[in-house]
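Heads up: the structure comes next, in structure tokens.
Please treat every number below as a calculation from the coordinates, not as lab data. Because the structure is predicted, anything quoted here is derived from the model rather than measured. Cβ: placed from backbone, ideal geometry, glycine included. Neighbour counts: every protein chain shown.
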Amino acid sequence: FKYTIVDKDTCIACGACGLSAPDVFTYDEEGLAHVLLDDNQGIAELAEDLLDDVFDAYEGCPSASIHISETPFDGNPEKA
Ligand code: F3S
């Protein structure tokens, strides 16, 4: 995969993703996760060295709110 996005409609602000991948996920003022690379649009191609961390976050999210894909999300977590 090359792209990631957080579905803020399902994120429960658990905070695990930012621990797994601190260079990729941060939190908004409500504590919901946010991809900092592209303002959570899912359009920034992830660098190779970030993929392990992102996959850990993807697997660790208790609400399955982290989506990953080979193609850009263009802001829509349901796109891919
Ligand atoms: Fe939200 Fe899942 Fe991260 S619930 S804070 S996207 S680990």
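Restricting the GluC sites (Glu not before Pro) of segment 42-77 to loop positions (DSSP other than H, G, I, E, B) with no more than 12 neighbouring Cβ atoms within 10 Å leaves Glu45, Glu70. Considering helices alone, the calculated mean residue ellipticity of the chain at 222 nm is -5000 deg cm²/dmol, with DSSP H runs of length four and up weighted by -39500 (n - 2.57) and normalised per residue. Annotation: for a label point projected 7 angstrom from Cα along Cα→Cβ of Glu30, residues of segment 58-80 with backbone N closer than 20 Å are 61-67, 74-79. For the chain, a simple Cβ point-charge model (Lys and Arg +1, Asp and Glu -1, everything else neutral) yields a dipole of about 180 debye relative to the Cα centre. Each eigenvalue of the Cα gyration tensor of the chain, multiplied by 5 and square-rooted, gives one semi-axis; in descending order these are 16, 14, 11 Å. Taking every alpha-carbon pair under 8 Å whose residues sit at least 6 apart, the chain reaches a relative contact order of 44 percent. Spin-label pair Glu78-Asp52: with each label point 7 Å from Cα along the Cα-Cβ axis, the two points sit 3.6 nm from one another.
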